[in-house]
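In what follows, a single structure is set out as structure tokens and then discussed.
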Amino acid sequence: MKTSILPALTETSHSAARASLRSVFGFDSFRPGQEEVVQAVLDGENVMAVMPTGSGKSLCYQLPAIVRPGLTLVVSPLIALMRDQVRALTAAGVEAGSLNSSNDPSENARVQGLLRRGELRLLYVAPERLSRPDMIEMLSEMDVALLAIDEAHCVSQWGHDFRPEYLSLGDVARQIGGRLQTLALTATADGPTRGDIEGKLFSAPPRVFVRSFDRPNLRLAFRPKDRSSRQVLDFARAHPGESGIVYCASRRKVEELAAALTAAGQNALPYHAGLDKRLRDTNQDRFQQEDGVVMTATVAFGMGIDKPDVRFVCHADLPSNVEAYYQEIGRAGRDGLPADTLTLYGLDDMRLRRLQIEQSDSPPERKRIERQRLGALVALAEAPRCRRQTLLAYFGETSGPSCGNCDLCIDGVERFDGTVEAQKAMSAIVRTGERFGVEHLVAIVCGERTENVQKFNHDKLPTFGVGGDRKPTEWRSIFRQLSAIGLISQDLMDYGRWSVTDEGWRVLKGEQRIELRKDLGAAKAKKGRAPASAATTVGAADTDLLTALKALRSKLAQTQRVPAYVVFSDRTLVDMATHRPTSLQAMREVHGVGDTKLERYGAAFLGVIQARAG
Ligand code: ADP
Ligand code: ZN
């Protein structure tokens, strides 16, 4: 290798990368974390980059691929993901292609031709295909510069997306040989997974970059379930015409909510593993391509979604753990514009999730980790202060001051000395022999003579009616909070009976005082609070003009059979409607307008702006 010219070469490639950021992608600056990774790659290092969803991981291999000689291989677990990226790159004028089983022959021929002529910059392949001997042979004769492994956590058996084919990628890299570098990318933060990625994809320790997991544009909110379908409908209604996802814990609920949302006039579609595959694919395509579809789904709707302009995610049921929660809400707001999230939860959800862990076939060590992850989510739901601080603390990050963009920061949290309440609740548990579930306990504390209360003579207990000054919903919240802070615990196998922990006994005996948070039940949430919405950031943008620009975008997207955001992102249109460029030159200053798109679409959008001027 000609080492003497290397420094000069990398220096020019650094500035070429910065120039291409503007001329190819139309972006003015790197997002936090991107530049360091791009530089390390251009400097020839092997890199593992841990960056949250929406931070722009793709750019970290796309830019080097564009500015340096040699082919970049991109491994991705899903055909849908590859297809979307190839489309977006092609629209930006970059020679990219994928080889996979669902391509039609003409596409394969196009890609093979580009490959032979050495014109292809990025080749997307599934791991199975990449490890085929004929593929390796072909590649080892070519100048392959970079192997970028997207969703690299798929190599780990610790994650929920384990893909055995990923295990061969380290070998594949060695066999292709030459100057091949490896770049592994993931949004999964936890330690065991990271360790697996390093150990299985790299032969020597890579340079590691870990980006903050904070996603300040996502509004975080949790609310106890009240009438949950009503709550979901209200939330969706606060986001008219926007794309969103509603996650449910069961297929039945998916169907019910999709129907309810449709009846309420939303453009809602169902998605779960029990639906016919064709229908599932159609629904997913419509979600990707149309504006304003609300996907009502189980978590089967997941990894393949690469849509930048999802404006809200609602969990109609509690997610399975804190990592799943973060990944699922992370599908909103990838474009960096404000996005809204809401998670509904209740004691039944918590019990269901605990039960799922206990009844799984996982080894004890795994179950222990799963319990911790669920515990962290429950604690987040009952958090006494800023949710973002609580969440980031879980990921090992200390964050700055309160975020101002979560329900607790916005609505405020009132706290009170809850020692007496805790004692009342726990004494109901103890005096009934630690044998009952929460509804029965709430009835006792509130002094309700239900059938069961009478049957067991529990209306004769001294605890009966001691909490009549509070509503049953408040007592449910108190029980949840006591559970979240570990004063009481639930036996899962046996009718969900509750018992008092050692810690709980200390409070019961008056040795320790505790604070509780006044419940922010649905009814108490402040009225009139504007939802986090991209529309609010439009600000100076003329909404009529924006609507007209969106209409043109839809038309172009339809004729070219690509998703609307492949033509231009929401942010680009908002920018156009705000600045109203009057020339192609000025149009080039707009966010997301690179040279190729300027040439292809500039005049048409300019036409719309001019037609509305003056
Ligand atoms: P990730 O894979 O990390 O979830 P993506 O690579 O899909 O994120 O990028 C998310 C969105 O951010 C895409 O729409 C992409 O075009 C946009 N994006 C990436 N980098 C930048 C940047 N430097 N400036 C503006 N937008 C960016
Ligand atoms: Zn906050």
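Residues are listed down the side, and each one gets a yes or a no for (1) of a type in the set (S, T, N, Q); (2) modelled with pLDDT of 90 or more; (3) in contact with a Ser or Thr (Cβ under 9 Å, 6 or more places away or on another chain):
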| site | (1), (2), (3) |
| --- | --- |
| S4 | yes, no, no |
| A8 | no, no, no |
| T12 | yes, no, no |
| A49 | no, yes, yes |
| T72 | yes, yes, no |
| S76 | yes, yes, yes |
| R87 | no, yes, no |
| E95 | no, yes, no |
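Within the set of pairs 6+ apart or on separate chains, which have a first residue in segment 239-250 that is not assigned by TED's automatic domain parsing to the domain that holds R571, a second that is of a type in the set (K, R) and part of a strand (DSSP E or B), and C-beta atoms under 8 Å apart? Short answer, once both residue conditions are applied: H239/R311; E242/R311; S243/R311; G244/R311. In the set T572, T582, T559, only one residue is among the hydroxyl-bearing types (S, T, Y) and under 30 Å from the mean Cα position of the chain (by Cα); that residue is T572. Put simply, of N457, N405 the only residue that is outside the structural domain of K225 (by TED's automatic domain parsing) and at pLDDT 90 or above is N457.
For S98, the conditions (1) in contact with a Gly (Cβ under 8 Å, 6 or more places away or on another chain); (2) away from ligand 1 (no atom under 13 Å from the Cβ) are fulfilled apart from (1). Those helices (runs of 4 or more DSSP H) of segment 436-503 in which 2 or more residues are farther than 19 Å from A422 by Cα and not hydroxyl-bearing (S, T, Y) occupy 451-455.
Filtering segment 551-600 to residues that are modelled with pLDDT under 90, crowded, with 16+ Cβ neighbours inside 10 Å and of a type in the set (K, R) leaves only R571. Tell me, please, whether a residue that is at pLDDT 90 or above and over 28 Å from the mean Cα position of the chain (by Cα) can be found in segment 178-187. Yes: segment 178-187 contains one or more residues that are at pLDDT 90 or above and over 28 Å from the mean Cα position of the chain (by Cα). Among residues that are away from ligand 2 (no atom under 16 Å from the Cβ) and crowded, with 20+ Cβ neighbours inside 10 Å, D43 is not included. Of the residues making up segment 244-288, those that are of a type in the set (G, A, S) and buried (at least 16 other Cβ atoms within 10 Å of the Cβ) are G244, A249, A258, A260, A268.
Taking the numbered list (1) under 30 Å from I245 (Cβ atoms); (2) surrounded by 21 or more Cβ atoms within 10 Å (Cβ to Cβ); (3) more than 16 Å from ligand 2 (Cβ to nearest atom) in turn, A428 passes all entries but (1).
A single member of D291, D234, D226 is away from ligand 2 (no atom under 16 Å from the Cβ), part of a helix (DSSP H, G or I) and surrounded by fewer than 20 Cβ atoms within 10 Å (Cβ to Cβ), and it is D234. Might you check whether a residue that is in contact (Cβ under 8 Å) with a residue 24 or more places away in the chain, in contact with a Leu (Cβ under 6 Å, 6 or more places away or on another chain) and outside any loop (DSSP other than H, G, I, E, B) occurs anywhere in segment 263-280? Looking through segment 263-280, at least one residue is in contact (Cβ under 8 Å) with a residue 24 or more places away in the chain, in contact with a Leu (Cβ under 6 Å, 6 or more places away or on another chain) and outside any loop (DSSP other than H, G, I, E, B). Filtered by the rule that a residue be under 15 Å from A65 (Cα atoms), within 16 Å of ligand 1 (Cβ to nearest atom) and part of a loop (DSSP other than H, G, I, E, B), segment 122-156 gives a lone residue, D150.
Among the residues of segment 349-372, those that are within 23 Å of S477 (Cβ to Cβ) and either touching a residue at least 60 places away in the same chain (Cβ under 8 Å) or hydrophobic (A, V, I, L, M, F, W, C) (or both) comprise D349, M350, R351, L352, R354, L355.
The values are calculated or read from the model by the stated rules, or taken from the named source; none is laboratory data. These figures come from a predicted structure and were not determined experimentally. Reconstructed Cβ throughout: ideal geometry from the backbone, glycine too, with neighbour counts over all protein chains shown.
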